[in-house]
Amino acid sequence: MHPKDPIAVRNLFNSTASTYDILNDLFSFGLHRVWKKKLLQWINPSSGEYWLDLCCGTGDMAFSLAKLLGPKGHVLAIDIAEETLAVARKRSVYRENPSITWLQTDVVNTGLVSNSFDGAIMAYGLRNLYDPEAALEEIYRILKPGSKVGLLDFNRMVKGSQGECFQTFYLRRIVVPIASSFGLRDHYEYLEESLKTFLLGEEQERLALEVGFTKATYRKLAWGQMGALCLTV
Ligand SMILES: C[S@@+](CC[C@H](N)C(=O)[O-])C[C@H]1O[C@@H](n2cnc3c(N)ncnc32)[C@H](O)[C@@H]1O
């Protein structure tokens, strides 16, 4: 599958929706929760604000964010894949009144009103977008001046580095074989593919500044295996 084909990406996430959470926990040994928590600490949303969770998937980040924003705040959680949103909606039934609206739309072209949100997060979304630059422009447009944005994803390692060797080994020898036992080999082979064309941390910073963000800082996590781009509008 080509990472830049939006329909194929949507189909892929629709077909992994039911096992996505289990495999996420398995492959990261539950650590994705720690990295997501760290991202929220870095961007520090305030109670009562109106935030976006972009590429929300099954809703992990939206639930944590809604908790931080409190009863007066609100999360608009967006994803392009209807099946992942169906899982998120089901999960929200078991939560205590999370103030979240789930919306199926494309992050690259949301149709939302300009200058209307106090901040945005995106976990493991940017790498999967067919046009990351257009997505950053769209995020910039719909946020209020001074808003904070946090984007968490794999950190693309420099070719030939020790980190890259570990990443490749881990994806090929651990992730893909385990995914195969769930009948999802192709789906997880896509992960390595999507990393090949993903922007390096400093390229992400540069692109965000070109789009118009006033501040862009890329921070590494998990011994450099993950990275977070923190932006200010
Ligand atoms: C790897 S999952 C991440 C889900 C969740 N944020 C998490 O951290 O567990 C990537 C998500 O991005 C969504 N996605 C991909 N392209 C998108 C687009 N153009 N617009 C909105 N969502 C998109 C997929 O449907 C998928 O649910």
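Points worth noting:
- Condition check for Asp5: of a type in the set (Asp, Glu) and either out of contact with any His (no Cβ under 9 Å at 6 or more places or on another chain) or over 29 Å from Gly183 (Cα atoms) (or both): yes
- Verdict on Phe166 being surrounded by 19 or more Cβ atoms within 10 Å (Cβ to Cβ) and among the aromatic types (Phe, Trp, Tyr): no
- Residue within region 84-97 that is within 12 Å of the ligand (Cβ to nearest atom), hydrophobic (A, V, I, L, M, F, W, C) and in contact (Cβ under 8 Å) with a residue 60 or more places away in the chain present: yes
- Here Ile121 does not fit the description of being assigned to a strand (DSSP E or B), near the ligand (Cβ under 8 Å from one of its atoms), surrounded by 16 or more Cβ atoms within 10 Å (Cβ to Cβ) and touching a residue at least 24 places away in the same chain (Cβ under 8 Å).
- Subset of region 133-153 (residues that are outside any helix (DSSP H, G or I) and surrounded by 20 or more Cβ atoms within 10 Å (Cβ to Cβ)): Leu143, Ser147, Lys148, Val149, Gly150, Leu151, Leu152, Asp153
- Subset of region 20-59 [assigned to a loop (DSSP other than H, G, I, E, B) and within 12 Å of the ligand (Cβ to nearest atom)]: Cys55, Cys56, Gly57, Thr58, Gly59
- Thr84 being polar (S, T, N, Q) and in a helix (DSSP H, G or I): yes
- Subset of region 19-32 (residues that are surrounded by fewer than 14 Cβ atoms within 10 Å (Cβ to Cβ) and either in contact (Cβ under 8 Å) with a residue 12 or more places away in the chain or not aliphatic (A, V, I, L, M) (or both)): Asp25, Phe29, Gly30
- Flag if Ser180 is polar (S, T, N, Q), in a strand (DSSP E or B) and either farther than 23 Å from Tyr20 by Cα or away from the ligand (no atom under 16 Å from the Cβ) (or both): no
FYI, it's all coordinate maths here, none of it is from the lab. Just so you know, these numbers come straight off a predicted model, no measurement behind them. Neighbour counts are summed over all protein chains in view; Cβ atoms, including those assigned to glycine, are modelled from backbone coordinates with ideal geometry.
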